Amino acid sequence: MKNFEELGISANLAKGIAELNIVKPSDIQNRVIPILLGDKTHMVAQAQTGTGKTAAFGLPLLMKVDSNINDVQGLILCPTRELAQQVAKQLFKFIKYADKVFIESVYGGEHIERQVSNLQRTTHIIVATPGRLIDLVNRKAVDLSKVKTVILDEADEMLSMGFQKELDEILSFLPSVENKWLFSATIPHGIQQIISKHLKKDADRVEVKKADVVNKNISHQYLVCDESEKLEALLLFLQSQHKNRGVVFCKTKAATQKLAKQLIAKNISTDAIHGDLLQKERDKVMRAFKNESLRILVATDVSARGIDVEGLTFVAHYQLPESDEYYTHRSGRTARAGKEGVSMCFVNNAEAKTLKEYERKLGIKFSKVKQVRQK
């Protein structure tokens, strides 16, 4: 196992990340950093959230930026405002002891004038959601003509949120790009189209083996119950978790709102996020969840995109997701940064068959829980 300096990362960057307790490179970091430090690299990396991929692409990007040149040299595209903010914040922490690199994050749901004004300052790296970036380019508020490195983070999430046209457009108007790095938990057909159209045929590929797609530290469990017993089963599960914190997933906005009310009625500090919330309402809920004044977050799949909250011990699937890809994304909210976590499904007999499909497709094993007991 090498350390970061042996992988080619500068001593100053290594010192900054050591303060964040990032000392031993993770599997993805070990595999991609030496390649990404090379010249004119195109890469497709299949990596889950929570595997350390921000450092895997962020450190090589910071090494490539020339802070003496006042141009935008790096562009990172993210599916959500939360992820864009989080990536920018992490990069800022990495450079504590390194040359000053100026990083701006731009995203929808925020006054565009403020972002236009911020971009008039020296900016070396932009972290952006696709829609807002296109708005800024159309306003001529940002010059991407000198960008040398573009990174698509959580590319499959961007696709499932309907950003394929925007990604195509952005990748088509970057004339000087030498490095194209695509990170995705899964490689569905639409991502394959982007790879074929915009990346070199001989792009490096770092693929996680099927069995590694879902984090090994997650214990996958299920409990069979009728719809009428489900709430009681969930309450017993939450009781068994004592004060542990987690996310409970539902499929629809209505189910999310209803369940949050039911949990609040049982004196469990809960709130919900779903597509109907205004951005400021969503921010308020996420702030409360991050600062631990909420124990439980009830969420729909789309609204949970980009959520990265430390120390979540479990994910509960009150309703199963639409697909195994969504299951991967949901369960990846727990067991981050080497910790362990539980992914608990509440299913009826028919849905238990779907879990067999997940086992086959994702290379995981579910254990059946007879009933949730107090620990």
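Each reported figure results from applying straightforward, stated rules to the coordinates on display, with no laboratory input. From a predicted model like this one, the values you see are computed outputs, not experimental measurements. Positions of Cβ are backbone-derived with ideal geometry, glycine not excepted, and every protein chain shown enters the neighbour counts.
A few notes on this one:
- A Förster distance of 30 Å, applied to the separation of the beta-carbon atoms of residue 310 and residue 116, puts the FRET efficiency at 0.35.
- Cross-linked pairs 243/284; 53/100; 64/284; 96/200: Cα-Cα separations exceed 25 Å for 64/284; 96/200.
- Along segment 9-21 the Karplus relation, 6.51 cos²θ - 1.76 cosθ + 1.60 evaluated at θ = phi - 60°, assigns HN-Hα couplings of 7, 5, 4, 5, 5, 4, 5, x, 6, 4, 5, 9, 6 Hz to successive residues, with x for each Gly and Pro.
- This structure gives Cα extents along the principal axes in Å, computed directly, and of (1) 81, 46, 40; (2) 62, 45, 40; (3) 69, 47, 38 that value is listed as (2).
- In a reduced charge model with +1 at each Lys and Arg Cβ and -1 at each Asp and Glu Cβ, the chain shows a dipole moment near 840 debye about its Cα centre.
- Measuring r between the beta carbons of residue 276 and residue 37 and using R0 = 45 Å, the FRET efficiency lands at 0.50.
- Note on residue 322 and residue 235: the model spin-label points, each 7 Å out from Cα along the C-beta direction, lie 3.2 nm apart.
- Karplus-based coupling profile of segment 290-295, in residue order and whole Hz: 5, 8, 6, 7, 10, 8, with θ = phi - 60° in 6.51 cos²θ - 1.76 cosθ + 1.60 and x standing for Gly or Pro.
- Nonlocal amide H pairs with residue 248, under 5 Å, H built at 1.01 Å: 297, 298, 299, 316
- Theoretical FRET efficiency, 1/(1+(r/R0)^6), r = Cβ-Cβ of residue 71 and residue 361, R0 45 Å, to 0.05: 0.55
- Listed residue pairs exceeding 30 Å between alpha carbons, taken from 261/356; 15/140; 2/148; 93/146: 261/356; 15/140
- Mean Cβ neighbour count within 10 Å, used as a protection proxy, ranking 135-146, 3-14 highest first: 3-14, 135-146
- Listing 274, 242 from fewest to most neighbouring C-beta atoms within 10 Å gives 242, 274.
- Over the chain, DSSP H runs of length four or greater, each weighted -39,500 (n - 2.57), average out per residue to a 222 nm ellipticity of -11500 deg cm²/dmol.
- Residue among 196, 228, 160 with the largest mean-square fluctuation in a Gaussian network model of the chain, springs linking Cα atoms under 10 Å: 228
- Counting other Cβ atoms within 10 Å as a rough exposure proxy, the listed residues 351, 310 run 310, 351 from fewest neighbours to most.
- Selection among 150, 46, 183 by position relative to the dipole of segment 4-208 gives 150 as farthest towards the positive end (Cβ unit charges, Cα centre).
- Near residue 348, the amide H atoms lying under 5 Å from its own belong to 225; only residues 5 or more places off or on other chains count, and H is placed 1.01 Å from N.
- Between segment 116-185 and segment 277-323, the alpha-carbon centres lie 26 Å apart.
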